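Chemist: I have a structure I would like to understand better, so I am pasting it below and will then ask my questions one at a time.
Computed from the coordinates by the stated procedures, all read-outs in this text should not be read as laboratory data. Just so we're clear, the structure is a prediction, and the values are computed from it rather than from any experiment. Glycine also receives a Cβ, built like all others from the backbone with ideal geometry; neighbour counts cover every protein chain displayed.
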Amino acid sequence: MTTRKRSKKVADSARTRTRTRTRARTRDNTGGWIRITIRGAPYERGVSHGKQIIAADHTLFTRMFAAYDFIFRQSYGRDIDFFYGLCDDFYRPIIKRRFPKIFREMEGIAAGAGLEVHQVILINVYMSLPYFYSHLLRYIDTPKYRKKYADVIRDELAIAANPAALSARDARLNEFKDRCSLIMAVGKGWTKDGGIVCGHSSFSNFIDAQFCNVILRIEPEAGDGFAMVMQSMPGGVFSMTDFFVTSAGIMGSETTISRFNAFRLRDPICCRIRECMQYGRTLEDYAERLQKRNSGDYACSWMFGDARGKPRIMRVELGLNYVNIETTRDGIFLGFNSTYDERIRNIECSGALSSQAATNATGSGVIDGDGGGGGSGFRDIATSIGNRRVQLEKLAEKYRGRIDTDVVKSILADHYDNHLGKTAANTRTVCKHGYAAAPFKPVGAYDTKVADSASAKKMSFLAHWGPPCGTPFIVREHMKKHTEWKDWAEYLVDFPRRGWVEV
Ligand SMILES: [Zn+2]
């Protein structure tokens, strides 16, 4: 009964989307991006953020929460109200106490957009939730929450007692943990002009991906840190897909670490990385802030570049108990959803699932399949991680000493499959086309962003909305061939061919 009612509501909001879309998108969009600039004190800039999103498209938040609700039900079997509750009980107190300015900005966004604060919190911890959820029992099977979460505790204990069920559930949540390809290079030995060059492409299911098309510029009030420009989403206080440049001359990005499964509920990543961007003066500041009260949520291989003076780049492979930090003035770092650090790969990532178990569990396959052992496919070119590592390393050598933003664009659009030994745009390739192979789930690469020292110094970057190679994804055409996904259609939008824009 409840489910039926909710489905109808979601369908209604999806219909509203179709009616209002054209008018809303022609005014504020360039190349598919929604650009907003906010400035001033935390609450004031939050209100401005909320109002500008509503002005750009007054149905955007409604569609976004309907989409999140659908994804939550597909991945967890629980609806969005359950996750709002987790935000209120667990994340609200931490953010309010530890990050009062960020919390004020969130309150402002809620006020400006007519939302509840827990909705804005949910947007910002969306990527932390899969990590938290795997360890949920530790936090709800407690004297304070045992009664409130009695049903959930019952279900989770049953799942925990059944290895097959636990594997199946972990496989579903792991899908949130494999999300992108990344390159960052510096120095005469690697780049054309010796400066920093960085490029990143995000992967996701195309339902939540569609909301990551906000270019957010934040100018805090005088004396409260650096200004920043980032890819973000409606209601975001951080990037989430993670691509940004700041007025300190620092650029940053990351690739998530597949199957990472170490967690301790402390400060969420949205607040830690936001404080890095706003207050980080050096690369070392970033490394330090990321590790402080780290939760292990959204564990990533982070890459930062400092374009000032003699340029330098840093990679932080950020596990929970293990962290690997490297810096160079002449080198290249590659991101493919695993780590070079064997401790993180083999101790903190759960590689116990076979790819078959993952496929059986979801009926859809995870975004990145695993070869079956530990290391999340690091050496297995039959997996997306393995193929992308090998191919990125090959392309880095090929273009060594010549890398510039155009080269990075072409690398991120690469379609070579080392497993098949031929070019084939598929789920394994650097430019990921997850939807092109069984089980044909609408997932894949949906954007590209590139920056270099020159663009970072003027707090700018180049951005492309849609698959890196430009191949369009058209919902109607996909559904014609793959009716097994037809219930996804009302939540999806097309990714037509679009051009590059400078932000
Ligand atoms: Zn492609």
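Chemist: Could you tell me the distance between the Cα centroids of the stretch 180-243 and the stretch 118-167, to the nearest Å?
Modeler: So the separation of the two Cα centres works out to 30 Å.
Chemist: Also, I was wondering about something else. With runs of 4+ DSSP H residues as the only contributors, calculate the mean residue ellipticity of the chain at 222 nm using -39,500 (n - 2.57) per run, divided by the residue total and rounded to the nearest 500.
Modeler: Result for the chain: -11500 deg cm²/dmol, rounded to the nearest 500.
Chemist: Quick one: Karplus J couplings for the stretch 386-395, per residue in order, coefficients 6.51, -1.76, 1.60, θ = phi - 60°, nearest Hz, x for Gly and Pro?
Modeler: Working through the residues one at a time gives x, 5, 5, 4, 4, 5, 5, 5, 4, 5 Hz.
Chemist: Can I ask one more? Calculate the all-directions average of the projected area of the stretch 51-206's alpha-carbon convex hull, and give it in nm².
Modeler: So the mean shadow area of the Cα hull is 13.3 nm².
Chemist: Still on this structure, I have one more. Say each of Lys480 and Arg138 gets a label point 7 Å from the Cα, pointing the same way as Cα to Cβ; how far apart are those two points in nm?
Modeler: Each label point lies 7 Å from its Cα, and together they span 5.0 nm.
Chemist: If the chain between Asn321 and Tyr84 were fully stretched, how many nm would it gain, using 0.36 nm times the residue separation less the Cα-Cα distance?
Modeler: Stretched out fully, the Asn321 to Tyr84 stretch lengthens by 82.4 nm.
Chemist: Further, regarding this structure: In nanometres, what is the gap between the two model label sites at Lys422 and Ser410, each 7 Å from Cα along Cα-to-Cβ?
Modeler: 2.3
Chemist: So how much slack lies between Arg497 and Lys96, counting 0.36 nm per residue of separation and subtracting their Cα-Cα distance, in nm?
Modeler: 140.2 nm
Chemist: Residue by residue through the stretch 96-105, which ³J(HN,Hα) values in whole Hz follow from phi under the Karplus form 6.51 cos²θ - 1.76 cosθ + 1.60 (θ = phi - 60°), with glycine and proline marked x?
Modeler: 5, 6, 8, 9, x, 6, 5, 5, 5, 5
Chemist: Suppose R0 equals 35 Å; then what is the FRET efficiency for Glu288 and Glu342 from their Cβ-Cβ distance, rounded to the nearest 0.05?
Modeler: Efficiency, rounded to the nearest 0.05: 0.90.
Chemist: Relative contact order for the stretch 41-199: what is it in percent, counting Cα pairs under 8 Å that are at least 6 residues apart?
Modeler: 22
Chemist: While we're looking at this one, here's another question. When a/c reaches 1.5 or more, the comparison of a/b and b/c decides; with that in mind, is the chain rounded, prolate or oblate per its Cα gyration tensor?
Modeler: Taking the square roots of the gyration eigenvalues as a ≥ b ≥ c, the chain is rounded.
Chemist: Over the stretch 2-502, calculate the relative contact order: mean separation of alpha carbon pairs under 8 Å at least 6 apart, over the residue count, as a percent.
Modeler: Answer for the stretch 2-502 is 16 percent.
Chemist: By count of other Cβ within 10 Å, fewest leading, how are Ile54, Ile381 ordered?
Modeler: So the residues, fewest neighbours to most, are Ile54, Ile381.
Chemist: Which net charge results when you count Lys and Arg as +1 and Asp and Glu as -1 among the other residues whose beta-carbon is under 10 Å from that of Pro220?
Modeler: Value of the local net charge: -1.
Chemist: So which aspartates and glutamates can Lys449 reach, going by Cα to Cα under 14 Å and dropping same-chain residues fewer than 8 places off?
Modeler: Reachable aspartates and glutamates: Asp242, Glu254, Asp404, Asp406, Glu502.
Chemist: With Rg and the Kirkwood Rh both taken from Cα atoms, where does Rg over Rh land for the stretch 216-357?
Modeler: Here the Rg-to-Rh quotient is 0.98.
Chemist: Same structure again: Hey, which lysines would be in cross-link range of Lys422, C-alpha to C-alpha under 25 Å, not counting anything within fewer than 8 residues on its own chain?
Modeler: Lys394, Lys398, Lys409, Lys432, Lys441, Lys481
Chemist: Can I ask one more? Within the set of other residues whose C-beta is less than 14 Å from the C-beta of Tyr149, count the net charge using Lys and Arg as +1 and Asp and Glu as -1.
Modeler: For residues surrounding Tyr149, the net value is 0.
Chemist: Taking the Cα-to-Cβ direction at Ala55 and at Asp487 and moving 7 Å from each Cα, how far apart do the two end points lie in nm?
Modeler: It works out to 4.0 nm between the two label points.
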